[in-house]
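Engineer: Take this structure first; my questions come after.
The values are calculated or read from the model by the stated rules, or taken from the named source; none is laboratory data. Everything quoted here is computed from the prediction, not taken from an experiment. All Cβ positions, even for glycine, are placed from backbone atoms using ideal geometry, and neighbour counts span all protein chains on display.
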Amino acid sequence: MQPLVTAADSPDRLIMQALRQTPAWGAVVVLCTVAGGGLSLLAPAVLAMTVDAVVHGRPPGAALALLAGTLLAEMLVGALAAIAAAGYRTRVTAGLRLRFVDRVIEFGPDGARRFGAGGLVSRLTVDTPGAGEMLPAIAGATVTAATAIGALVALALIDWRLAASVGLGLPLMAVIVRRFVVQTGGLLERYQRLQADIATRLMDAHTGARTIRANATSAQEVRRVLRPRHELSSTGRDLWSATRGFAARVALLLPCLEALVLGVGGLGVVHGRISPGELLAAAVYLRLALGAMDRIDGLMYSLQARVGAHRTAEVLATRPPIVSAADARPLPAGPGALSLSKVTVRAGGDRTVLDRLDLDVPAGASVALVGRSGAGKSTLAALAGRLIDPDDGTVSLDGADLSGVELGTARAAVAYAFERPALLGADMHALIAFGRPDATTAQVQAAARSAQADAFIRRLPSGYATAPADAPLSGGERQRLGLAQAVLRDARLIVLDDATSSLDTATELRVAQALEDALAGRTSLIVAHRASAAARADLVAWLDAGRVRALGPHAELWQDPAYRAVFAAGDVPAPLEELVA
């Protein structure tokens, strides 16, 4: 499945959307920035009037009052612009982060598969504030350019020779600035992409820490995580070199232009073409005219904001095929028959996790997914409830292609219990009822009993009213809460993704026996790493190299030594599978 990105979701579109959401702050930012530029052009002219009044012996009171008023207004407008920009950035960044989080939740694990978990974190924390900087950056850059043009006009009004002197260096300066913007923009984007790549690799390693420790591969993982560091270092040096080169060229060219213009202005004073006040004003206008080219920090600020807006818009513009109920087809009623036809899922763009896989899960049956690490067990389980979408092929539930079913509808039909369930909810009752908030106390407690969780919940300080943060829970107890949550859901398909791995053998047996009654008549898909879990299923789908190697009862498959070797190896989930699931 390819991302659906349109030109309407570009960074410029993002700016317009943000401006519509915060029109008052945006208007104040623009108005204050424009007013500040106008006052900066007025101040040198008023300064010239004041100086000439003193030089020619005229009373300077009125001119001094006007100068003081202009400078005070410029200071107040600048302060108001800074406050407005901060308010605008705060509100836009908060709004973008909410939209970003909504989109990531909408994607589920598919978002991490597309952008990398670390990439999503860096975009959320680093790039969304950059997107919030776009309007102040654009307004500042536009007014700076307009002020530079106004300063050139003012120089021409004082003496055309002054403007002509500045004009001699403008073509060269334009080439320098354009080269810097083009070169640095690409380097900044590459630098942030490499940082996100390292963050993603580090998060993968953290997720798969158990696998890494079990296989004594820490050294290899360190090398894998840091593999992009040489390119990152090289990009950083290139970025520094480009910045240094730009600063050096500007530092060489600007003083030459200033010396030329001030020399022409000095001759104008000598020959009576320019007054002393006008020469002072010309010096200020010269700085305004050249200021757009001397603000390397402003250029970097604008470029970073642009890159941040682009990376934020890239996520917000990427959508699953069906996100709106108005565009979706209904999911027909049914007993939970699951079918996967020619399904292919790729990870990282180059690794095939599932390769044209075919599998039919009969309605009402329990099917265990068995295979070595990386075989695609958790990936297949994630497909069942549209936690991810396949790159190719079809996933159907009760005859309906899930790619045409609205996400909320598809996910409501499938209940999940994971190896490490998230403890969401104000207390134990709310935690178990998280996917079914209208459940009664009796229903919640019945689900807890089915998962063998009722007894330890009642031993907590406040029983079902105990907050998760106040409950010292073991891994097995957490899993039983996740099982209770899945049982309570009125779902036609239950997916247990290694959801009993932390239970001891005796507890697992009790839980399994209790779940048989609770899940009777419902289809279940079980990611199994223990032979005992596979043996209790009606059928076992043995995954190997991204495909179903065999499908049948556990007792029949057990006759194959290669099948037995899967369990003898003490298989554990691979980091990639944990990330996808």
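Engineer: Which ones in the stretch 514-567 are in contact (Cβ under 8 Å) with a residue 60 or more places away in the chain, among the aliphatic types (A, V, I, L, M) and closer than 26 Å to ASP454 by Cβ?
Structural biologist: ALA514, LEU515, ALA518, LEU519, LEU525, ILE526, VAL527, ALA528, ALA533, ALA537
Engineer: For the stretch 521-559, name all the residues that are over 21 Å from ARG492 (Cβ atoms) and among the charged types (D, E, K, R).
Structural biologist: Answer for the stretch 521-559, where residues must be over 21 Å from ARG492 (Cβ atoms) and among the charged types (D, E, K, R): ARG530, ASP544, ARG547, ARG549, GLU556.
Engineer: When you check GLY385 against the structure, is it closer than 23 Å to ARG329 by Cα and in the same structural domain as ALA347 (by TED's automatic domain parsing), yes or no?
Structural biologist: So GLY385 fits the description; yes.
Engineer: Of the residues GLY364, GLY371, only one is at pLDDT below 90 and in contact with a Gly (Cβ under 6 Å, 6 or more places away or on another chain); which?
Structural biologist: After ruling out the rest, the residue left standing is GLY364.
Engineer: Sticking with this structure for a sec: Determine which member of the set THR22, THR50 is within 20 Å of LEU288 (Cβ to Cβ), crowded, with 18+ Cβ neighbours inside 10 Å and either in the same structural domain as THR142 (by TED's automatic domain parsing) or of a type in the set (Lys, Arg) (or both).
Structural biologist: Sole residue among the options that is within 20 Å of LEU288 (Cβ to Cβ), crowded, with 18+ Cβ neighbours inside 10 Å and either in the same structural domain as THR142 (by TED's automatic domain parsing) or of a type in the set (Lys, Arg) (or both): THR50.
Engineer: Moving to a separate point now. Checking SER341 against (1) closer than 30 Å to VAL269 by Cβ; (2) modelled with pLDDT of 85 or more; (3) not hydrophobic (A, V, I, L, M, F, W, C): exactly one of these is not met. Which one?
Structural biologist: Unmet for SER341, out of (1) closer than 30 Å to VAL269 by Cβ; (2) modelled with pLDDT of 85 or more; (3) not hydrophobic (A, V, I, L, M, F, W, C): (1).
Engineer: Filter the stretch 487-543 down to the residues that are more than 21 Å from PRO362 (Cα to Cα), outside any helix (DSSP H, G or I) and either among the hydrophobic types (A, V, I, L, M, F, W, C) or at pLDDT below 75 (or both) and list them by number.
Structural biologist: ALA499, THR500, SER501, SER502, LEU503, ASP504
Engineer: I've got another one for you. Give the number of residues within the stretch 457-485 that are assigned to a helix (DSSP H, G or I) and buried (at least 17 other Cβ atoms within 10 Å of the Cβ).
Structural biologist: Looking only at that region, the number is 13.
Engineer: Further question on the same structure: Take ALA347 and tell me if it is farther than 22 Å from ILE494 by Cα, modelled with pLDDT under 85 and out of contact with any strand residue (DSSP E or B) (no Cβ under 7 Å at 6 or more places or on another chain).
Structural biologist: no
Engineer: Now for a separate question. Within the stretch 505-541, track down each residue that is within 38 Å of the chain's Cα centre (by Cα) and over 22 Å from GLY385 (Cβ atoms).
Structural biologist: Of everything in the stretch 505-541, just one residue is within 38 Å of the chain's Cα centre (by Cα) and over 22 Å from GLY385 (Cβ atoms), namely ARG530.
Engineer: State whether the residues of the stretch 313-336 include one that is within 31 Å of the chain's Cα centre (by Cα) and at pLDDT 90 or above.
Structural biologist: No; the residues of the stretch 313-336 include none that is within 31 Å of the chain's Cα centre (by Cα) and at pLDDT 90 or above.
Engineer: Among the numbered criteria (1) within 23 Å of ILE105 (Cα to Cα); (2) basic (Lys, Arg); (3) not in a strand (DSSP E or B), which single criterion is violated by ARG346?
Structural biologist: Here ARG346 meets the rest and fails (3).
Engineer: Name the residue, out of LEU423, LEU431, that is part of a helix (DSSP H, G or I), within 29 Å of the chain's Cα centre (by Cα) and not assigned by TED's automatic domain parsing to the domain that holds GLY364.
Structural biologist: Just a single option satisfies the conditions, and that option is LEU431.
Condition check ((1) buried (at least 17 other Cβ atoms within 10 Å of the Cβ); (2) under 22 Å from PHE456 (Cα atoms)) across all residues:
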{"site": "ILE388", "(1), (2)": "yes, no"}
{"site": "VAL395", "(1), (2)": "yes, no"}
{"site": "ASP401", "(1), (2)": "no, no"}
{"site": "THR409", "(1), (2)": "yes, no"}
{"site": "VAL414", "(1), (2)": "yes, no"}
{"site": "ALA417", "(1), (2)": "yes, yes"}
{"site": "ALA422", "(1), (2)": "no, yes"}
{"site": "MET428", "(1), (2)": "yes, yes"}
{"site": "ALA433", "(1), (2)": "yes, yes"}
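Engineer: Test of understanding: among ALA196, ALA247, which residue is among the hydrophobic types (A, V, I, L, M, F, W, C), touching a Leu at 6+ places or on another chain (Cβ under 9 Å) and assigned to a helix (DSSP H, G or I)?
Structural biologist: Unique residue meeting the criteria: ALA196.
Engineer: For SER366, state whether it is closer than 18 Å to LEU519 by Cα, touching an Asp or Glu at 6+ places or on another chain (Cβ under 6 Å) and touching a residue at least 12 places away in the same chain (Cβ under 8 Å).
Structural biologist: In short, yes.
Engineer: Is it the case that some residue within the stretch 270-284 is part of a helix (DSSP H, G or I), modelled with pLDDT under 85 and either over 30 Å from PRO136 (Cβ atoms) or out of contact with any Ser or Thr (no Cβ under 6 Å at 6 or more places or on another chain) (or both)?
Structural biologist: No, the conditions are met nowhere in the stretch 270-284.
Engineer: Kindly indicate whether any position in the stretch 510-522 is out of contact with any strand residue (DSSP E or B) (no Cβ under 7 Å at 6 or more places or on another chain), buried (at least 24 other Cβ atoms within 10 Å of the Cβ) and among the aliphatic types (A, V, I, L, M).
Structural biologist: Within the stretch 510-522, one or more residues are out of contact with any strand residue (DSSP E or B) (no Cβ under 7 Å at 6 or more places or on another chain), buried (at least 24 other Cβ atoms within 10 Å of the Cβ) and among the aliphatic types (A, V, I, L, M).
Engineer: Still on this structure: All but one of (1) outside any helix (DSSP H, G or I); (2) farther than 26 Å from ALA533 by Cβ; (3) modelled with pLDDT under 90 hold for THR394, so report the exception by its number.
Structural biologist: Exception for THR394: condition (3).
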